[in-house]
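What follows is one structure encoded as structure tokens, with my remarks underneath.
Each reported figure results from applying straightforward, stated rules to the coordinates on display, with no laboratory input. This structure is a prediction, so every number in the text was calculated from the model and none was measured. Cβ placement follows ideal geometry from the backbone for every residue including glycine, while neighbour counts extend to all protein chains displayed.
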Amino acid sequence: MDEEAVAATVTRYWDELWTRRDLDVIDELFAEEYVRHSSAGTKVFRRDELKKEVRAAWRLLHDAATTVDDQVVDGDRVWTRATTAGVNLDTGAPSLLTWLVVHRLENGRLVESWNATLPGVDWR
């Protein structure tokens, strides 16, 4: 898979999953087992589990909009800095989240990511 195709897959991840909120794209973009490393630890998801996790994240933020601020492709990895802004449904307060994510792909699918999320940080 060339770097252009790798970048296009990750762009679909941000656009279709986080902007358009299309859960079906998980079946197209992710391997059946996906490993996510984050401050909460390392977790392996099957696609159905990942859908539940994403749904829960969507419930927390209302009217959320995610923008990709920077993106770099290096072989099978894509480094992304993104910003999500919305309203926290628990508090009603505006919410801002900056993402630093490295996705790794195999055979055209997302197989692993390293995620750092920074609540309240605006690096746009």
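Under 1.5 on a/c is rounded, so check that first for segment 35-124, then, if it is not, pick prolate when a/b is larger than b/c and oblate when it is not; a ≥ b ≥ c are the square roots of the alpha carbon gyration tensor eigenvalues. If you can, show how the numbers build up before the last one.
Values: a/c = 2.19, a/b = 1.37, b/c = 1.60.
Note, shape of segment 35-124 comes out oblate.
In this simple spin-label approximation, residue 19 and residue 117 carry label points 7 Å from Cα along the Cα→Cβ vector, and these lie 2.0 nm apart. With a cut-off of 12 Å between beta carbons, the residues surrounding residue 64 carry a summed charge of +2, where Lys and Arg count +1 and Asp and Glu -1.
I need the shape label for segment 9-61. Rule: rounded when a/c is under 1.5, else prolate if a/b > b/c, else oblate, with a, b, c from the alpha carbon gyration tensor. Walk me through the numbers on the way to the answer.
Working: a/c = 1.57, a/b = 1.19, b/c = 1.32.
Verdict is oblate for segment 9-61.
On average over all directions, what projected area in square nanometres does segment 77-124 have, based on the convex hull of its Cα atoms?
Mean shadow area of the hull around the Cα atoms is 4.0 nm².
Charged side chains reduced to their Cβ positions (Lys and Arg at +1, Asp and Glu at -1) give segment 3-119 a dipole of some 420 debye around its Cα centre.
For segment 6-17, putting each phi into the Karplus relation 6.51 cos²θ - 1.76 cosθ + 1.60 with θ = phi - 60° gives couplings of 4, 4, 5, 5, 5, 4, 4, 4, 5, 6, 7, 7 Hz, in residue order, rounded to whole numbers and with x for Gly and Pro. Cα centroid separation, segment 31-48 to segment 66-124: 15 Å. Each peptide in 101-113, 40-52 receives the mean, over its residues, of other Cβ atoms within 10 Å, and ordering these scores from highest gives 101-113, 40-52.
Only helical runs count toward this figure. For the chain, summing -39,500 (n - 2.57) over DSSP H runs of n ≥ 4 and dividing by all residues gives -7000 deg cm²/dmol at 222 nm. Hey, if you put +1 on the Cβ of every Lys and Arg and -1 on every Asp and Glu Cβ in the chain, which of 95, 67, 108 ends up farthest toward the positive end of that dipole? Towards the positive end, the residue furthest out is 95. Helix 47-60 axis versus longest C-alpha principal axis of the chain: approximately 20°, rounded to the nearest ten.
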